[in-house]
Every structure is written in structure tokens, then in C-alpha cells.
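Worksheet: the structure to be examined is printed underneath.
The values are calculated or read from the model by the stated rules, or taken from the named source; none is laboratory data. For clarity, every value in this text was computed on a predicted model and none was experimentally measured. Cβ coordinates were reconstructed from backbone atoms using ideal geometry, including for glycine residues, and neighbour counts include every protein chain displayed. The area values use the complete protein model at the heavy-atom level, side chains included, leaving out ligands, DNA and RNA. Shrake-Rupley method; radii C 1.70, N 1.55, O 1.52, S 1.80 Å.
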Amino acid sequence: MTIQRKHLVIGGLWGLALLALIAMAWVRVIGPKFEAGLADTIGPGDYHLTTTGGEPFTEATLQGSPSAVFFGFTHCPEVCPTSLGDIAAFQEELGDEQIRVFFVTVDPERDTVDQLRDYVGWAPGVQGVSGSREEIDKAIKAFRIYARKVPLEDGSYTMDHSANILLFDRKGRFFEPIGYQEDLDRAVAKIRRMNAI
């Protein structure tokens, strides 16, 4: 083996060792700190909304019991009814382990508390949440979700919005999301892991 080739082999081994060290640092130090930091930034905020049960919905509402938060609107053609159906399915599967679910409107101009009550009333454990446009916008920012009004040709509008269901542990910290139409067994397993904390 030539000297130049030996240097390439040694350099390659050093490169692999460096990559392994970086990967180990991510797994043991950087990754957990990143996830812990993210958990502390989703949900906290200065929003003051009202649930369909007539109670306030604030950052403190998420403390004390595991919860799920989903943003949507009552005129939603597909995503919201599908997600409410998924929520009903996982609540049924959870039985005695059911969690509180808050459906926060992204369209407070049309979604009053009374309209939300009718819309979510059939899904077990789900309360609607509404408030002023200003307070809804604060919540949208606090939960780091996306929502945007989309004009339609007939002069009306629809809303484009994030479709994840956000899980929060009993301390009110973000746990992880349930994706849109995520497999039922996988969603239930996430909730049971959260409930065990």
C-alpha cells in the first residue's frame, strides 16, 4: 500500500470516528435538549378563550390531566370531520383512559361557542374552543400551527390549517403530535405512553 493510500484510509477512519462521535452526542445530549426545548415552546402563551363548557381555555387549562388540542373550523369540508371521527375512534379504544380534547376554531368570525358545541358534541370528551380573532391568533402562534383564510370564487372563504392533533401531558407540556389519519393503533399507543408519564 502506498503512503498516499494509507493516509486516505487513516483519514477515512478518522472521518468515520468523528461522525460516530457526532451521532452519539446528538443521541445523548443535543437531541434530548432540542426535544425538551420544543416541548416547552408549544402551547404556552397569553391567550384567553372560552370552551363550549363555559370555562376559560388558557395555558393553565392543559395542566392537571392529559389533553389533546386540535385546530379546525366548523365549515371544514374534510379534514376536521375526519379528525373528529379519528378522535372518537381512539377515545373508544382508550375506554377508561380517555383524554380531554379541545377543538380550537381558526375561524372565530363564524364559529361561536354555540356552533362549536353542536359541531363537536357527538365526539366523546371533545370541547370546542372559541374567542375573539385577536385571542385566537395568539393561540395559533402559541401552538405553532398554521392557519390562513382562503377566498373562494363565490365571495365566501374557507380556511387552510394544520391538521395534526397535539398531545399534552398532565403537566401541560407538549408530548408529540398525532398525524392526520394516523393509524389507530399507533395513535392509541402514543396516548397510552403519554398517560403513563
| request: With the Cα gyration tensor of segment 69-160 in hand, convert its eigenvalues to equivalent ellipsoid semi-axes via √(5λ) and list them largest first in whole Å. | output: 24, 15, 12
| message | Give me the one-decimal nm value for the distance between modelled label points at residue 82 and residue 117, 7 Å along each residue's Cα-to-Cβ direction. | response | 3.0 nm
| Within segment 63-92: backbone nitrogen closer than 19 Å to the residue 171 label point (7 Å, Cα to C-beta) | 63-69
| query | In nm, to one decimal, how far is the residue 146 label point from the residue 189 one, both placed 7 Å along Cα→Cβ? | reply | 2.7 nm
| request: Once you have a ≥ b ≥ c as the square roots of the Cα gyration tensor eigenvalues for segment 114-174, tell me rounded if a/c is under 1.5, and otherwise prolate or oblate according to whether a/b is larger than b/c. | output: oblate
| Integer Hz, Karplus 6.51/-1.76/1.60 couplings in order for segment 63-73, x for Gly and Pro | 8, x, 7, x, 9, 10, 10, 10, 9, x, 7
| Stretchable slack from residue 46 to residue 133, in nm (0.36 nm times residue separation minus alpha-carbon distance) | 29.9 nm
| Protein chains only, probe 1.4 Å: how do 154, 86 rank by accessible area, largest first? | 154, 86
